[in-house]
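Please read the structure below before turning to the comments.
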Amino acid sequence: MVDSLRFDNRVVIITGAGSGLGKAYALEFGKRGAKVVANDLGVSRNGEGHSSRVADIIVQEIQKLGGIAVANYDSVENGDRIVKTAIENFGRVDIVINNAGILRDSSILKMKDADWDIIMSIHLKGAFTVIKAAWKYMKQQKFGRIINTSSGSGIYGNFGQANYGAAKMGLHGMTLSLAKEGEKNNIRINSITPVAASRMTEDLLAPEILNIVTPEKIVPLVVYLCHESCNDTGGLYEACGGLITRVRWQRSPGIFFSGQFSAEDVQARWREINSFETTRLGNPDYPTSTTDTLKKVLYLIQETAKPKL
Ligand SMILES: NC(=O)c1ccc[n+]([C@@H]2O[C@H](COP(=O)([O-])OP(=O)(O)OC[C@H]3O[C@@H](n4cnc5c(N)ncnc54)[C@H](O)[C@@H]3O)[C@@H](O)[C@H]2O)c1
């Protein structure tokens, strides 16, 4: 099949491009004509050590395949330096894929402050610093595509990952706000929650599952989301072993107390509050803003005030 989704003259920053998912993205963007800034600090799974070799190797691989790439060895916590590499080498930045990440798993009582802080710093602050530095260029050129890498641990929770889960859910919160900020300047930002074989998952998933959930099966979603033809923004997409889905918030019809009410009233109606069945208050719905919630309250106040026949 012809690769019709091309990225000629586009500059893409991929953080953590030296292994796992980042490497798979970098090779594909290189093949599709993008100029790739391959960032990688070259650390271990839990963020120790560092090596410039990791970024150098992926750059060589892209070049061997006829692509254009430059390495950057900074930590994502210094996003401005990564963007500087893009500007100095290629003069622009069109796409940012926030992918770099590490793990510091432990149950809450054993979790050290340092394990909390480093996860926030690399996943959340790292994405912020790269986006912030790239944003002004994207705004000027009225084009930008950004991917934040969330995780099932963030959107569903996972034992021993309070730090990682908080950062990963935080990334989607950032996506939702920036989707609104970027709208008028054609800056689109989406979150993905991948499941893929990498050193992060090699001891968590069975070998037969690892064979199915290859990083290459995440790549097409990311490539499409970053293309100029894709205008969706603020989405959360799950990708795993060939399955690609969109995830959204669902709100139960709930209960509306029109007068004073107490904790006992909440207790008495708890089952209904938690139910996603259709009730006389309506169907479960899919809110996208707090305004939706306020509108619903105002509507219910009006309805309750109407004289009963
Ligand atoms: N593999 C999965 O199933 C899965 C699931 C959910 C989310 N994720 C997320 O996907 C992303 C990629 O994960 P992966 O599985 O490919 O892991 P990986 O460990 O193979 O790759 C991560 C890369 O990020 C680099 N890195 C780490 N800290 C860095 C820093 N401060 N600055 C620059 N580079 C840094 C590492 O050197 C490494 O090359 C991560 O954000 C991870 O949390 C992965």
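The values are calculated or read from the model by the stated rules, or taken from the named source; none is laboratory data. This structure is a prediction, so every number in the text was calculated from the model and none was measured. Cβ placement follows ideal geometry from the backbone for every residue including glycine, while neighbour counts extend to all protein chains displayed. Side chains included, ligands, DNA and RNA excluded: accessible areas come from the protein's heavy atoms. Shrake-Rupley method; radii C 1.70, N 1.55, O 1.52, S 1.80 Å.
All conditions but one from (1) outside any helix (DSSP H, G or I); (2) modelled with pLDDT of 95 or more apply to Val266; the one that does not is (1).
Checked against the criterion of being within 26 Å of Met169 (Cβ to Cβ), out of contact with any helix residue (DSSP H, G or I) (no Cβ under 6 Å at 6 or more places or on another chain) and either part of a helix (DSSP H, G or I) or among the hydrophobic types (A, V, I, L, M, F, W, C) (or both), the candidates Ala114, Ala86, Ala100 yield just one match: Ala114.
Taking Gly182 as the residue in question, decide whether it is farther than 24 Å from Val223 by Cβ, among the small types (Gly, Ala, Ser), surrounded by 18 or more Cβ atoms within 10 Å (Cβ to Cβ) and more than 10 Å from the ligand (Cβ to nearest atom). Answer is no for this residue. Mind listing just one residue for me: the one in region 151-179 that is among the hydrophobic types (A, V, I, L, M, F, W, C) and over 14 Å from Tyr237 (Cα atoms) and, of those, most open to solvent (accessible area, probe 1.4 Å)? Step by step, filter region 151-179, then rank; the result is Phe159.
Hey, could you check region 39-58 for residues that are of a type in the set (Gly, Ala, Ser) and closer than 20 Å to Ala197 by Cα and say which is nearest to the chain's Cα centre (by Cα)? My answer is Gly47. Could you check region 80-111 and list, in sequence order, the residues that are within 16 Å of the ligand (Cβ to nearest atom) and of a type in the set (Asp, Glu)? Once the filter is applied, which keeps residues that are within 16 Å of the ligand (Cβ to nearest atom) and of a type in the set (Asp, Glu), region 80-111 yields Asp80, Asp105.
Out of region 36-58, which residues are buried (at least 24 other Cβ atoms within 10 Å of the Cβ) and within 8 Å of the ligand (Cβ to nearest atom)? Matches in region 36-58: Asn39, Asp40, Leu41. Of all the listed residues (Gly152, Gly170), the sole one being touching a residue at least 24 places away in the same chain (Cβ under 8 Å), near the ligand (Cβ under 10 Å from one of its atoms) and among the small types (Gly, Ala, Ser) is Gly152.
Are any of the residues in region 113-134 closer than 20 Å to Lys31 by Cβ and either of a type in the set (A, V, I, L, M) or more than 15 Å from the ligand (Cβ to nearest atom) (or both)?
Let us first name the residues in region 113-134 that are closer than 20 Å to Lys31 by Cβ, namely none.
Among the residues of region 113-134, not one is closer than 20 Å to Lys31 by Cβ and either of a type in the set (A, V, I, L, M) or more than 15 Å from the ligand (Cβ to nearest atom) (or both), which makes the answer no.
Residues in region 67-86: is at least one open to solvent by 30 Å² or more (accessible area, probe 1.4 Å), among the polar types (S, T, N, Q), under 18 Å from Glu216 (Cα atoms) and at pLDDT 95 or above? No, the conditions are met nowhere in region 67-86.
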